[in-house]
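Everything below concerns the one structure shown next.
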Amino acid sequence: MKIEQVHTNPDPYVPFALSQAIRVGGFVFVSGQPAIGEDGEIEGPGDFDRQARRAFGNLERALKAAGSGMNQVVKTTIFLKSMAYLDRMVDVRREWFSAPYPAESLVEVSALYSPDALIEVEAIAVVSEATS
């Protein structure tokens, strides 16, 4: 089975020797997407809603580059710096997904890769048969 690395332009993952996403078979596995802006910096330090929207936007961008989309996500793992953001997370998630909602794991972590990062979202999605 062919394993294909997925890139976006710019690809903020290159300096870290990891793939933004991997496409294999009919699936795409997307690495954790923080609220990294085009400049490579965390967008909206201290602003959870802005960071969550940017993280999900980055997820959507990686999925599109892999030939998939938000409506094809089957599983997410969301890392939050604090469960105090849970209600906001649910509201923002509704902006990106509709029923049937993806399976999900939601985890509070003590730190993410940057002290300013409040959220990171990773996903597994299917790739439409037309593009596989």
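The values are calculated or read from the model by the stated rules, or taken from the named source; none is laboratory data. What you are looking at is a predicted structure, and each value in this text was computed from that prediction instead of being measured. Note: ideal-geometry Cβ built from the backbone for every residue, glycine included; neighbour counts use all protein chains shown. In case anyone asks, the SASA skips ligands and DNA or RNA and just uses the protein heavy atoms, side chains included. Shrake-Rupley method; radii C 1.70, N 1.55, O 1.52, S 1.80 Å.
Give segment 105-130 a look and list any residue that's assigned to a strand (DSSP E or B) and surrounded by 14 or more Cβ atoms within 10 Å (Cβ to Cβ), or say none. Don't jump to the end; show me each part of the working.
Restricting attention to segment 105-130, the residues satisfying the condition of being assigned to a strand (DSSP E or B) are 105-108, 119-126.
106, 119, 120, 121, 122, 123, 124, 125, 126 - these are the residues of segment 105-130 that are assigned to a strand (DSSP E or B) and surrounded by 14 or more Cβ atoms within 10 Å (Cβ to Cβ).
All but one of (1) closer than 24 Å to residue 97 by Cβ; (2) open to solvent by 60 Å² or more (accessible area, probe 1.4 Å); (3) of a type in the set (D, E, K, R); (4) over 12 Å from the mean Cα position of the chain (by Cα) hold for residue 43, so report the exception by its number.
Of (1) closer than 24 Å to residue 97 by Cβ; (2) open to solvent by 60 Å² or more (accessible area, probe 1.4 Å); (3) of a type in the set (D, E, K, R); (4) over 12 Å from the mean Cα position of the chain (by Cα), only one is false for residue 43: (2).
Can you list residue pairs whose Cβ atoms sit under 7 Å apart, with the first residue in segment 106-122 being within 10 Å of residue 42 (Cα to Cα) and the second being among the polar types (S, T, N, Q)? Count only pairs 6 or more apart in sequence or on different chains.
118/51
Looking only at segment 38-92, how many residues end up being part of a strand (DSSP E or B) and within 22 Å of residue 126 (Cα to Cα)?
Looking only at that region, the number is 7.
Report yes if some residue within segment 56-64 is under 17 Å from residue 12 (Cα atoms), in contact (Cβ under 8 Å) with a residue 60 or more places away in the chain, touching a helix residue (DSSP H, G or I) at 6+ places or on another chain (Cβ under 6 Å) and open to solvent by less than 20 Å² (accessible area, probe 1.4 Å); otherwise report no.
yes
Is it the case that some residue within segment 7-16 is over 16 Å from residue 61 (Cα atoms) and in a strand (DSSP E or B)?
No: segment 7-16 contains no residue that is over 16 Å from residue 61 (Cα atoms) and in a strand (DSSP E or B).
Which of (1) modelled with pLDDT under 95; (2) under 14 Å from residue 50 (Cα atoms) does residue 119 not meet, given it meets every other one?
Only one criterion in (1) modelled with pLDDT under 95; (2) under 14 Å from residue 50 (Cα atoms) is unmet by residue 119, namely (1).
If you go through segment 79-104 one residue at a time, how many are of a type in the set (Asp, Glu) and open to solvent by 70 Å² or more (accessible area, probe 1.4 Å)? Reasoning before the result, please.
Initial filter on segment 79-104 (of a type in the set (Asp, Glu)): 87, 91, 95, 104.
Then keep just the ones that are open to solvent by 70 Å² or more (accessible area, probe 1.4 Å); that gives 87, 95.
So the count comes out to 2.
May I ask you to list pairs of residues, at least six apart or on different chains, whose Cβ atoms are under 6 Å apart, with the first in segment 1-23 being within 16 Å of residue 113 (Cα to Cα) and the second being assigned to a strand (DSSP E or B) and open to solvent by 40 Å² or more (accessible area, probe 1.4 Å)?
Pairs found: 19/5.
What is the number of the single condition among (1) under 20 Å from residue 103 (Cα atoms); (2) among the small types (Gly, Ala, Ser); (3) surrounded by 15 or more Cβ atoms within 10 Å (Cβ to Cβ); (4) touching a residue at least 60 places away in the same chain (Cβ under 8 Å) that residue 26 does not meet?
(3)
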